[in-house]
1. Can you tell me how many residues in segment 44-68 are assigned to a helix (DSSP H, G or I) and in contact (Cβ under 8 Å) with a residue 12 or more places away in the chain?
2. Is it fair to say residue 170 is more than 20 Å from residue 4 (Cα to Cα), out of contact with any strand residue (DSSP E or B) (no Cβ under 8 Å at 6 or more places or on another chain) and at pLDDT 95 or above?
3. Just one of (1) touching a helix residue (DSSP H, G or I) at 6+ places or on another chain (Cβ under 6 Å); (2) closer than 20 Å to residue 29 by Cα; (3) not in a helix (DSSP H, G or I) trips up residue 206, so point out which.
4. Out of 123, 144, I need the residue that is exposed (fewer than 15 other Cβ atoms within 10 Å of the Cβ) and either modelled with pLDDT of 95 or more or not in a loop (DSSP other than H, G, I, E, B) (or both). Which one?
5. Residue by residue through segment 126-139, note down the ones that are touching a residue at least 24 places away in the same chain (Cβ under 8 Å), surrounded by 21 or more Cβ atoms within 10 Å (Cβ to Cβ) and in a helix (DSSP H, G or I).
6. Within segment 69-107, restricting attention to residues that are in a helix (DSSP H, G or I) and touching a residue at least 60 places away in the same chain (Cβ under 8 Å), which residue is nearest to residue 19 (Cα to Cα)?
């Protein structure tokens, strides 16, 4: 059996993405995810919070993941949404230069999915505070994707994002669905969005892209593994290639 190992760079205070990733891969014994953490505790535009995403700690974590001979390394976080998409492109180039391993991110994969599906409008769901969410919306407008509806929980503590329940996330998705976006995006890897994707898609007919799911999609593709083997976690895995 050919084994596929994917590496994930993980915010230190995140408690959702590791068990969620394991659950999504549970039916694929030949595909395993491996995690490296670096410190992230606050999501805001304060200088100290922005400094959490300096490149060197992320590269150090990536080097340790490389010891596991992973086939791809993803930054499994959404900071490029407010810092600018070029930050993730630069990070991935640096990871590849440092480790020799292909790299992607939750947001670069998401943006590729939006491009492949021709999505021009999104409904945005996140736990973030206003200044962060507004920056995300502005960055998508710059690449020609309009946010036609959004919901935010107004939280800045990264650990606390995980306190939102699947039912709460589903209700936020239903709210933005009323605007008829091309896609609903759950923009946080510490939020329980992936398990409700199929339900919301069945109710609304709108694809739901959760950023934990987009990281898996992106890394599997880089490793040459077929994301369509993942079943029950939304149409992303069935229809986007």
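1. Within segment 44-68, the first condition is being assigned to a helix (DSSP H, G or I), and the residues that meet it are 47-53, 55-66.
Imposing the further condition that a residue be in contact (Cβ under 8 Å) with a residue 12 or more places away in the chain reduces the set to 49-50, 52-53, 55, 57-66.
Of the residues in that region, 15 qualify.
2. It is true that residue 170 is more than 20 Å from residue 4 (Cα to Cα), out of contact with any strand residue (DSSP E or B) (no Cβ under 8 Å at 6 or more places or on another chain) and at pLDDT 95 or above.
3. (2)
4. Working: 123 fails: exposed (fewer than 15 other Cβ atoms within 10 Å of the Cβ).
Only one candidate qualifies: 144.
5. Initial filter on segment 126-139 (touching a residue at least 24 places away in the same chain (Cβ under 8 Å)): 126-132, 135-136, 139.
If we keep only those that are surrounded by 21 or more Cβ atoms within 10 Å (Cβ to Cβ) too, we end up with 126-128, 132, 136.
Those that are touching a residue at least 24 places away in the same chain (Cβ under 8 Å), surrounded by 21 or more Cβ atoms within 10 Å (Cβ to Cβ) and in a helix (DSSP H, G or I): 132, 136.
6. At the first step, the residues of segment 69-107 found to be in a helix (DSSP H, G or I) are 80-83, 85-99, 106-107.
With the extra rule that they be touching a residue at least 60 places away in the same chain (Cβ under 8 Å), the set shrinks to 81, 106-107.
Working: 81: 23, 106: 16, 107: 20 Å.
Here the residue is 106.
The values are calculated or read from the model by the stated rules, or taken from the named source; none is laboratory data. Because the structure is predicted, anything quoted here is derived from the model rather than measured. As a convention, Cβ positions derive from the backbone with ideal geometry for all residues, glycine included, and neighbour counts pool all protein chains shown.
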